[in-house]
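Colleague: Below is the structure I would like to discuss, written out as structure tokens.
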Amino acid sequence: MSTAPCVPTNVTAVRNCQQSSVMLSWAASQGARNYTATALSNSGHRVDCISNNTTCNMVGLRCSQNYSVGVTAVGDSCSSLSSQAVTVLAAPCSPVRVTGSLECLSNAVSLTWDVSPNSLSYNVLAIGRAGDRVNCNNTAPSCQLSGLLCGQNYNFTVSASDTSCQSPNSTPFILPTAPCTPTNVQNRLDCGTNNLTVSWDPNPDPLNYNVGVRSADGIVQTCTSLYTSCSVTSLTCGQDYAFTVTATNNYCRSPPSVTRTIRTVPCVPQLVQGNVDCASNTLLVSWISIRVARTYAARILGSNGYSNSCTTADLSCSFSQLQCSQQYNISVLALDSQCNSTSSPAISVSTVPCSPANVATNLSCNTSTAMVSWDASLGVRRYTVLAAASRSFQCFTNSTTCQLNGLQCGQTYNITVLADDGNCNSTLRTSATMTTAPCPPVIVNSTLNCTNNVASLSWVMGNGVVDVVIQASSSQGYQTWCRSRNGTCDLVDLRCGQNYTVQATATGVRCVSLASPASYIVTAPCAPQNVTRNLDCMTNSVWVTWGRATGAQTYVVTALGTRGDNATCSTSNTTCTVPSLRCSALYTFYVTGSNLQCRSPASSTFNIQTAPCQPTAISADLSCANSTAYVTWAPVAAAVQYQACAQSTDNNPLCCQTTNTFCTVVGLQCGSTYNFSVQASNQVCRSSFSQPYSKGAVPCPPSELWTRLYPMQNGMQVLRVSWSVIVCCEVEYLAETSSSQQGNEDTSSVMRSYWTNGRVFEFPLSCNSRYTVTVQSRNLAGTSTPSTAVNGTTAPCPPLGITYSIKNGSAMLSWKASVLATEYAVYELKGAALLLVCNTVQLQCNVTGANRSAIEMTAINAAGQSNPSTNIQDITQYRIRRGLKGTNSFYEDETDVSIPVLKIGNVTSNSLYAEWNSVEGATSYSLVVRQQSSKQHSVELSVYGFNSTVTDLKPATRYCISVYAKKSISTSPYSTPICVKTGVQI
């Protein structure tokens, strides 16, 4: 059995201030497997440290705490008692709640903070923006720092110390010092306004500056600024001022800048007087000054550009050697080294009168008065002034000036001055002329151009007018003017919607007339603004609103259609409805305002697309095969989508939608009648449905037709037509054939059967005919379209122009081509037997040995053969008659026409070249081209030369070509046909 380990001894503790830890060590205990060190603060905070050796670094201690530390040895089964306790003081905490205040005058800062437990002293550090540092140490939680720089933001931090450890710095406390005194203070005095502007160097911090200006009598004026200058106004003239500049932030005001002084602009001299010494004709000018200036300058201005001045420090000044009977304008100004005052108001003084000579006039343009002056005559007591024109005026005076009142405008007066010494009138008459101000123009016409608001005015003006100025002012303060010399003028820049008062003034050589009687112009209204609109799709009406336009009394809304169909509405309000616009139309809208004279410009335009028109031209093609209807209609302008519907009397409507002008409605019932209608849409509005188009679901036409031709009898063949059955209730059929006899287009005909429920019908057809057969079906829903046509030809007619001739012992039978014939057969009747003489595709045959009177021939094609023809003309006799020509006029028109000799040249895939010899007396030729083994008729070309190129032929097809000559009323027989095959098209 083992005992518990011994209690650890010699426990020591060493603090690490930087890491807030304690390194513990102790002497080894016998029987100890490991050790546990425990630190317990006076506030109950506990920290443990376990170690396998005799040291342990205890971390996690809280600042400013007193810890009691003991070590326990741990054995295999038991632990020792704790060692004797060791006291450990943790490093001080950083001071908190640092605050301070600034003493503005000394820039000293007093700081305070909360006590940091176990601290014995504190250190305060202040760091300025410029990097300067100030320290303060104290054992109490407060400190005062002096020697701080002005205009700085300082960061203040505090750390606590227990002589062994020092805490981290506290959170910085920021406090600005008082602003520095503004430097480089400058000033500038505005001599014109007497305003003082003070400036200084800028500061990096945002400050508020104050300029204080103090007059000599103690009156203080200030101005403030956030910038580097400030102006002080309303300073007293001629005053000495002292001024300083201070800067303030949110805490302190800086010391004032160095005091500077300035004297303001001198005061204007007052009560200026001028007195003339009659004996010497010297003018004495005097004045008073509110504040004494350094010097004064008096100035007199006389006629003819006379000017004189004097400068003095006194309050008077004299002028000598002045002319007699002159009027002088006197003004005085004060001077100093920096600024001069403005001149005093001018006063007038007249010198000693002269004898009545050099009469002068001074016309007052606005008052219709004239001041007449002259040289004084010695001893004169009274003067009489006469002004003569259409109406005369006079005035009396004992001075050398006299005012004539009530002068008429636009007159030239002859002025005469008479001197009177009390006993006699002067004998010398001195005269002058004077023209008064022009009479006001009379505006006789004003016309406004409503389009551009330009007013054209005309007026009547009197004598002596240089030009006329027209001035126009509106009730809202708008003004414009124009100037003219020719009696007319245009006022431009007139504002819309204004009432202008217009007056004219005339300018003479010296004067401007009074204003004319007022004329008035009302300009065109302004264009309406803020136009809005709304379309009623049902009625195609547009409701338009707008803001009231200046000067407008009524309004017109105009809608311009792209097809010239325009619409308007008028109102005195600011809303209006344009009704019943055309459907599917694009309209451009604008609004104009009107007054009694003019219409405004149009407002900004806008476009409206009206609702689509009702679709028209509705058509339906019903397919009996699949019970559908292919519905079509005419396109509707501006429509982007359509809906087509089919409505029967006993079923719901069947509809389809499309963006095209066709649509397929499915699900129709055979035998029912449907009303088809269509509706158009433009994505904004829908049209009404179209007028219904009625059509029944009629049965299909027969899908198959069969034809059969019976043998030719008397030039006629019977065509038997039959067809397939239609599966639909109560179906009837109608067969129709149309035919035309080839070579005789006037024989075309149409034959129809009656409506029958049978499926066979027969029609008689002529020889040489092409025919087309169709069949229709019907029931109560209507009649079907015709079936697919079956085309065919009948057997040919007998050949015509059959001639018999004997030449060189051989008998030849020739004939004209029978249309639609592909070959010919010549027979000889011997008893009851009919013997074949020849069978050919040519138009002639050697019949030597055959009985000419027993010969008959037929034309043949795939439909059968013609009736036999025995109408044969023996032309041998005509050759005999040829010798009689010239001796008997009876035979002249019976001249025999030779058969042309045909040659075929170049043959291509779709053309061939044919040429022949010239036949004596022939006027033209006919070229016959026939497709071999074809039921189609041949093509006959009339040619007036000896060759022709035939085009539009089929490739790889065999054609037979012949030619005959034409002369007057007779023709030659056909040439022997030449058959060729066209080439293969590549």
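Colleague: Give a residue-ordered list of calculated ³J(HN,Hα) values for the range 243-250 (Karplus: 6.51 cos²θ - 1.76 cosθ + 1.60, θ = phi - 60°; whole Hz; x for Gly, Pro).
Modeller: With coefficients 6.51, -1.76 and 1.60, one gets 9, 9, 10, 10, 10, 10, 10, 6 Hz.
Colleague: How far apart, in nm, are the 7 Å Cα→Cβ label points at SER79 and SER724?
Modeller: 11.2
Colleague: Something else: Using the Cα centre as the reference, give the magnitude of the dipole from point charges on the C-beta atoms of the range 902-982 (Lys, Arg: +1; Asp, Glu: -1; all else neutral), rounded to the nearest 20 debye.
Modeller: Charge dipole of the range 902-982: 260 debye, to the nearest 20.
Colleague: Put THR649, THR259, THR523 in order of accessible area, largest first, 1.4 Å probe: what do you get?
Modeller: Listed by decreasing accessible area, they come as THR649, THR259, THR523.
Colleague: Over the chain, calculate the relative contact order: mean separation of alpha carbon pairs under 8 Å at least 6 apart, over the residue count, as a percent.
Modeller: After rounding, I find 4 percent.
Colleague: Still on this model: With +1 on each Lys and Arg Cβ and -1 on each Asp and Glu Cβ, and nothing else charged, work out how big the dipole of the chain is about its Cα centre, in Debye to the nearest 20.
Modeller: Roughly 800 debye for the chain.
Colleague: Evaluate E = 1/(1 + (r/R0)^6) for SER68 and ASP205, where r is the Cβ-Cβ distance and R0 equals 60 Å; express this FRET efficiency to the nearest 0.05.
Modeller: It comes out at approximately 0.65.
Colleague: Is any residue of the range 279-294 close enough, with backbone N under 20 Å, to a label point placed 7 angstrom from the Cα of SER320 along the Cα-Cβ axis, and if so, which?
Modeller: 279-286
Colleague: Oh, and also: With point charges of +1 on the Cβ of Lys and Arg and -1 on the Cβ of Asp and Glu, referenced to the Cα centre of the chain, which listed residue (SER766, VAL285, PRO692) lies farthest in the positive direction of the dipole?
Modeller: The residue sitting farthest along the positive end of the dipole is SER766.
Colleague: While we're here: Note down the nm distance, to one decimal, between modelled labels 7 Å out along Cα→Cβ at THR908 and at ALA242.
Modeller: 12.4
Colleague: Ok, one more. As a quick test, which of the pairs LYS807/LYS967; LYS816/LYS967; LYS954/LYS981; LYS903/LYS981 have an alpha carbon distance above 18 angstrom in this structure?
Modeller: LYS807/LYS967
Colleague: Quickly rank 477-487, 58-68 as a protection proxy: mean count of other C-beta atoms within 10 Å, highest first.
Modeller: Top to bottom by mean Cβ count within 10 Å: 58-68, 477-487.
Colleague: Given a 1.4 Å probe, how much area per residue of the range 274-391 is accessible, in Å²?
Modeller: Heavy-atom SASA per residue in the range 274-391 reads 52 Å².
Colleague: If the chain between ALA346 and ALA634 were fully stretched, how many nm would it gain, using 0.36 nm times the residue separation less the Cα-Cα distance?
Modeller: Using 0.36 nm per residue and subtracting the Cα-Cα distance, I get 94.2 nm.
Colleague: If you don't mind, there's one more thing I want to ask. By accessible area of protein heavy atoms, probe 1.4 Å, what ranking do MET434, MET716 get, highest first?
Modeller: I get MET716, MET434, largest accessible area first.
Colleague: Still on this model: Return, ordered by residue number, the residues of the range 758-802 whose backbone nitrogen is under 19 Å from a label point located 7 Å along Cα→Cβ of GLU732.
Modeller: Zone members listed by number: 758-762, 774-787.
Colleague: As I understand it, the dipole of the chain uses +1 on the Cβ of Lys and Arg and -1 on the Cβ of Asp and Glu, about the Cα centre. Which of ALA863, THR661, ALA639 lies farthest toward its positive end?
Modeller: Result: ALA863.
Colleague: Say R0 is 56 Å: what FRET efficiency, to the nearest 0.05, do ALA833 and ASN652 get from their beta-carbon distance?
Modeller: Result of the calculation: an efficiency of 0.10.
Colleague: I've got another one for you. Let me know the charge dipole size of the range 114-217 about its Cα centre in debye, to the nearest 20, where only the beta-carbon of Lys, Arg (+1) and Asp, Glu (-1) is charged.
Modeller: Here the range 114-217 has a charge dipole of around 100 debye.
Colleague: Separate question: Would you mind putting 705-711, 780-786 in packing order, based on average other-beta-carbon counts within 10 Å, highest first?
Modeller: Those peptides, ordered most packed to least, come out 780-786, 705-711.
Colleague: Keeping all protein chains in place and using 1.4 angstrom, which order do SER368, SER215 fall into by accessible surface area, from largest down?
Modeller: SER368, SER215
Colleague: How large is ³J(HN,Hα), in whole Hz, for each residue of the range 46-52 in order, when computed from phi with the Karplus curve 6.51 cos²θ - 1.76 cosθ + 1.60 and θ = phi - 60°, using x for Gly and Pro?
Modeller: For the range 46-52, the Karplus curve yields 10, 9, 10, 9, 10, 9, 8 Hz.
Colleague: Full extension from THR568 to ARG294: what is 0.36 nm times the residue separation minus their Cα-Cα distance, to one decimal in nm?
Modeller: In short, 90.4 nm is gained.
Colleague: What is the gain in length, in nm to one decimal, between ASP48 and ALA515 on full extension, counting 0.36 nm per residue of separation less the C-alpha to C-alpha distance?
Modeller: Contour length minus the Cα-Cα distance gives 157.0 nm.
Colleague: Report the label-to-label distance for THR577 and ALA313 in nanometres (one decimal), using points 7 Å from each Cα along the Cα→Cβ vector.
Modeller: With each label point 7 Å from Cα toward Cβ, the separation is 9.6 nm.
Colleague: For the chain, which whole percent of the accessible surface, found with a 1.4 angstrom probe, sits on carbon and sulfur atoms?
Modeller: 49
Colleague: With a Förster radius of 22 Å, plug the Cβ-Cβ distance of ARG485 and ASN463 into 1/(1 + (r/R0)^6) and report the FRET value to the nearest 0.05.
Modeller: The value I calculate is 0.95.
The values are calculated or read from the model by the stated rules, or taken from the named source; none is laboratory data. What you see is a predicted model; the values in this text were computed from it and never measured. Positions of Cβ are generated from backbone atoms using ideal geometry, with glycine treated the same way; all protein chains shown enter the neighbour counts. For the accessible areas, the whole protein counts, side chains as well, though only heavy atoms, and no ligand, DNA or RNA atoms are used. Shrake-Rupley method; radii C 1.70, N 1.55, O 1.52, S 1.80 Å.
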